[in-house]
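The values are calculated or read from the model by the stated rules, or taken from the named source; none is laboratory data. Since this is a predicted model, take the numbers as computed values, not measurements. Here the Cβ positions follow ideal geometry from the backbone for every residue, glycine too, while neighbour counts run over all protein chains shown. Remember, those area values only see protein heavy atoms, side chains included, never the ligands or the DNA or RNA. Shrake-Rupley method; radii C 1.70, N 1.55, O 1.52, S 1.80 Å.
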Amino acid sequence: LAKQGDDLVIRLTAPLNFDYKKAETGSVTVVSALGDEEKVTVTEDSPSSPTLTGRIKLQPATAARSGDKSLQFKPGTTLKVSHGFGYLGRHATIKP
């Protein structure tokens, strides 16, 4: 996870490579302390790559607007990014 300008850049390393000839996609969930929850599509960096990258626009705000493809957050609070389910799930946090 890294903040670049007004975007949160998400780099995921996961076994999602099912077709070695094309760049595939997956999704992660990003949640802010305001309660905004957004799905972000991550795409393989190249065909057969072990890493996938996606980004979402960050918007400092006082209220969440889920589903608008940008993440409203209160500066200084933590964002949580999740992929997978149950014991196979992975989570990361960042304070932008």
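In sequence order, the stretch 7-23 has phi-based couplings of 10, 9, 9, 10, 10, 10, 10, 7, x, 10, 8, 9, 10, 5, 9, 9, 7 Hz under the Karplus curve 6.51 cos²θ - 1.76 cosθ + 1.60, θ = phi - 60°, and Gly or Pro positions carry x.
For the chain, how many pairs of lysine residues have a Cα-Cα distance under 16 Å, where the two are 8 or more positions apart or belong to different chains? Within the chain, the lysine pair count is 14. Taking amide H positions as modeled 1.01 Å from N, with prolines and chain starts lacking one, the residues under 5 Å from T51 and 5 or more places away or on another chain are D45.
So, taking all protein chains as they sit and a 1.4 Å probe, how much accessible area belongs to T93, in Å² rounded to tens? Counting only protein heavy atoms, the figure is 100 Å². The phi torsions of the stretch 32-41, fed into the Karplus equation with coefficients 6.51, -1.76 and 1.60 and a -60° offset, translate into couplings of 9, 5, 6, x, 6, 10, 10, 8, 10, 7 Hz, rounded to whole numbers, with Gly and Pro shown as x. Highest mean packing comes first when the peptides 50-57, 61-68 are listed by Cβ atoms within 10 Å, giving 50-57, 61-68.
Other residues within the sphere of radius under 9 Å centred on the Cβ of L52, judged by their own Cβ, net out at -2 (K and R +1, D and E -1). Dipole check for the chain: with +1 at the C-beta of Lys and Arg, -1 at the C-beta of Asp and Glu, and the Cα centre as origin, the magnitude is about 200 Debye. In this view, the solvent-accessible surface of E37, computed with a 1.4 Å probe and all protein chains in place, comes to about 100 Å².
In order along the stretch 73-82, the Karplus-derived 3J(HN,Hα) couplings, from 6.51 cos²θ - 1.76 cosθ + 1.60 at θ = phi - 60°, round to 8, 9, x, x, 9, 8, 9, 10, 10, 10 Hz, and Gly and Pro are given as x.
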